[in-house]
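> Got a structure for you, written out below as structure tokens; questions coming shortly.
Please treat every number below as a calculation from the coordinates, not as lab data. Just so we're clear, the structure is a prediction, and the values are computed from it rather than from any experiment. Because the Cβ atoms are built from the backbone with ideal geometry, glycine has one as well, and the counts that use them run over all protein chains shown.
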Amino acid sequence: MSNVLRATLLSLFGSLVLGCASPGPPAAAPTPGAPAEPPAPADLVITAGVVRTLDPRSPRAEAVAVRGERIAFVGSAAGARAFVGPATRVVELPGRAVVPGLVDGHAHLYGLGVALETPSVRGARSAEAAAAVVAEAAKARPRGEWITGRGWDQNLWPGAAFPTHAPLDAAAPEHPVALRRVDGHALWANAAAMRAAGIGRGAQDPPGGRILRDAAGEPTGVFIDSAMDLVEAKIPADPPAVRERRILRGAEEALSSGLTGVHEMGIDDETVAVYRALAAAGRLPIRVHAYLAGAGRLEGLRERAPDADAAGTAMFVLRGVKLFADGALGSRGAALLEPYADEPSTSGLLLMDREALARAARLVADAGFQLAVHAIGDRANRAVLDAFEALGPGRAAALRFRVEHAQIVSPDDLPRFAALGAIASVQPTHATSDMPWAPARLGAHRLRGAYAFRSLLASGARVVFGSDFPVEEPSPLLGIHAAVTRQDLSGQPPGGWMPEERLDLDEALLAFTAAPAYAAWAEGQRGRIAEGFVADLTVLGRDLSPDRSLVDTPIEMVVVGGRVARAPRPHRAARAP
């Protein structure tokens, strides 16, 4: 175990790791000379080739026994037999591996459900190919119904130029069309959608947004960051029944990828209500730690209270607020300290200026909520860290404030995460997705602080891993692979991209287990396999190795709160590009 990993575990668990405290009730001392009482039978006993506990006191085991929602025993297969009773479900999985339940620390579960039900243009190799998907969808829609979708990426197209509305006009002239870019920070609309939104030549760029225009000054159909709202405000809202269906569909997809929980980044009150109803009815199959999309709700936070979950067993918890400091690198909306290397006329967009960020941070802190701020560019990351620092010593750390993505950070700012106690919530697959074109955006001199996972961890920062799905695929094994190899699925580049930023396998596992537990105030309840902890477990088809085999490893079983989830579909996230 590396020194960095051990130090991080000690930081995450404190006395729990050292064995000085336990989340469960103390065991009664046996009477001297009396025969030992047999343990109460478990509900579930799993034996496997290896149990990776992420507990430095006993990092490997053979079996786990579960009683109710909690782990009753971790140890040898022989020891687990004492927990088998007439009603115990015994699952024997030789050659398999059990790890603490994998958790995506930055995801959009409802967004995944939406993406699964709407046209996807992900991977389309031209604007025309994307438009062909829309044309097919239009055949089944009544005239005038909106067609929405996601996934286009102009970096995959000849010339890498942003599209115009013309291909979508030809594909669906009688339907308003609005397609989000793969990163969610740009919108591609057709003429019908712009007419519905009242957008013409005289439309003004909103604060924090940009309407792309042609040489004549006419809108091209592409809207960056807050300018997307001009179109999306006209799209009819989803009714509760549709939201429920999409949440459940997204949850099943997440479970099939081996996830036991997600941090749901930025939802509205209507979606919160549906989540709460599902959890209250016992129908939410995956654990959700949620963040309110808070830009328009900050003033009302004082009348609300964050959810509490002292036992760590709640299926839905709303404890945080999500804000945006800037846009995305792919659409050149990320706010940089210097101009873009491949478009020197712009340095990106700050969606909230420094004063607004500072005010927002104080409002959220005063209301007792956790703040998570999207920051991609080095200018945005600095502004967010400044806002956290302005709260005063220790306050951001006490409320476990987070920086989402922390993607391009000035080397001068890297140590500030640890100093402020700010969580760095990063997505390893963003590095391997962006590496073909990120150097052109940034220039070589800015790469030293880009996607700097090892540098952040080594500085003492708390690092949480996620995927940002549906921007990326939901499989955490893809994230682990990207973190430990810094390669794409075809093995490129040889030796890895910026290999000095690689993590080892245990560090990457920690970032998908114990670290998200800390970010959700559950480090004493979840995130490792230990007696008394909540029984959230992911069972893999084989033990893990830090190589390409990671992404081909099947998911055998997912256990959430002691309940075996429905059998997952075959692992599908290992497709090579």
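> Could you tell me which of rounded, prolate or oblate describes the stretch 434-577, using a ≥ b ≥ c as the square roots of the eigenvalues of the alpha-carbon gyration tensor, with rounded for a/c under 1.5 and, failing that, prolate when a/b is larger than b/c and oblate otherwise?
Working: a/c = 2.26, a/b = 1.43, b/c = 1.58.
The shape class here is oblate.
> On a C-alpha basis, how far is the centre of the stretch 204-220 from the centre of the stretch 477-529 in Å? Whole number, if you could?
39
> Follow-up question, since we're still on this one. Taking amide hydrogens as modeled 1.01 Å from N in the peptide plane, which residues meet the under 5 Å criterion relative to ARG150, leaving out close sequence neighbours?
Counting only residues 5 or more places away or on other chains, the set is VAL121, ARG180.
> How large is ³J(HN,Hα), in whole Hz, for each residue of the stretch 500-507 in order, when computed from phi with the Karplus curve 6.51 cos²θ - 1.76 cosθ + 1.60 and θ = phi - 60°, using x for Gly and Pro?
5, 9, 5, 10, 8, 5, 5, 5
> Highest first, please rank the peptides 192-203, 39-50, 368-379 by the mean number of other Cβ atoms sitting within 10 Å of their residues.
Ranked by mean Cβ neighbours within 10 Å, highest first: 368-379, 39-50, 192-203.
> Right, here's the next one. How would you order 170-182, 420-432 from highest to lowest mean count of nearby Cβ atoms within 10 Å?
Per-residue mean Cβ counts within 10 Å order the peptides as 420-432, 170-182.
> Then there's this: Quick one: helix 378-389 against the long Cα principal axis of the chain, what's the angle to the nearest 10°, folded into 0 to 90?
50
> What number, in percent, do you get for the relative contact order of the chain if the mean sequence gap of Cα pairs under 8 Å and at least 6 apart is divided by its residue count?
On the way: 1306 pairs, mean separation 97.2, N = 577.
After rounding, I find 17 percent.
> If you don't mind, there's one more thing I want to ask. Got a sec to turn the phi values of the stretch 536-541 into Karplus ³J(HN,Hα) couplings, 6.51 cos²θ - 1.76 cosθ + 1.60 with θ = phi - 60°, whole Hz, x for Gly and Pro?
9, 9, 10, 10, 9, x
> Right, next: Over what distance in Å are the Cα centres of the stretch 289-362 and the stretch 398-440 separated?
14
> Show that you can apply the helix-only estimate: for the chain, add -39,500 (n - 2.57) for every DSSP H stretch of four or more residues, divide by all residues, and state [θ] at 222 nm to the nearest 500.
-7500 deg cm²/dmol
> Assuming R0 = 41 Å, can you tell me the calculated FRET efficiency for the pair SER545 and LEU116, based on Cβ-Cβ distance, to the nearest 0.05?
0.85
> For the stretch 421-469, what does the alpha-carbon gyration tensor say about shape, rounded, prolate or oblate, given a ≥ b ≥ c as the root eigenvalues, a/c under 1.5 as rounded, and a/b over b/c as prolate?
Because a/c hits 1.5 or more and a/b fails to exceed b/c, the stretch 421-469 counts as oblate.
> Tally Lys/Arg at +1 and Asp/Glu at -1 over every other residue whose Cβ is under 10 Å from the Cβ of GLY111; what's the total?
+1
> Using only the Cα atoms of the stretch 458-502, build the gyration tensor, take square roots of its eigenvalues as a ≥ b ≥ c, and label the shape rounded, prolate or oblate: rounded if a/c is under 1.5, else prolate if a/b is larger than b/c, else oblate.
It is oblate, given that a/c is not under 1.5 and a/b is not larger than b/c.
> Determine the sum of side-chain charges near PRO439: Lys and Arg each +1, Asp and Glu each -1, restricted to other residues whose C-beta is under 11 angstrom from that of PRO439.
Around PRO439, the charge tally is 0.
> Convert each backbone phi in the stretch 342-357 into a coupling constant with the Karplus relation 6.51 cos²θ - 1.76 cosθ + 1.60 (shift: θ = phi - 60°), then list the ³J(HN,Hα) values in order as whole Hz, x for Gly and Pro.
9, 7, x, 6, 9, 10, x, 10, 8, 6, 9, 6, 4, 5, 5, 4
> Could I ask something else about it? Looking at the stretch 391-452, which chymotrypsin sites (Phe, Trp or Tyr not before Pro) are DSSP coil and have at most 16 other C-beta atoms within 10 Å of their C-beta?
The qualifying sites are TRP437.
> Related question: Per 10 Å bin from zero, what fraction in whole % of the C-alpha pairs of the stretch 375-461 is there, up to the bin with the longest pair?
18, 53, 24, 5, 0
> Compute, for the chain, the length of the dipole vector about the Cα centre, with Cβ point charges of +1 (Lys, Arg) and -1 (Asp, Glu) only. Units Debye, rounded to 20.
Values: 60 positive and 63 negative charges, 147 e Å.
Dipole of the chain, to the nearest 20 debye: 700 debye.
> What Kirkwood radius, in Å to one decimal, follows from the Cα pairs of the stretch 60-161?
With all distinct Cα pairs of the stretch 60-161 included, I get 18.8 Å.
> Of PRO436, VAL471, LEU447, which is farthest along the charge dipole of the stretch 421-480 in the positive direction, counting Lys and Arg as +1 and Asp and Glu as -1 at C-beta?
LEU447
> Residue farthest toward the positive end of the dipole of the stretch 82-134, with Cβ of Lys/Arg at +1 and Asp/Glu at -1: which of HIS106, SER120, ALA132?
HIS106
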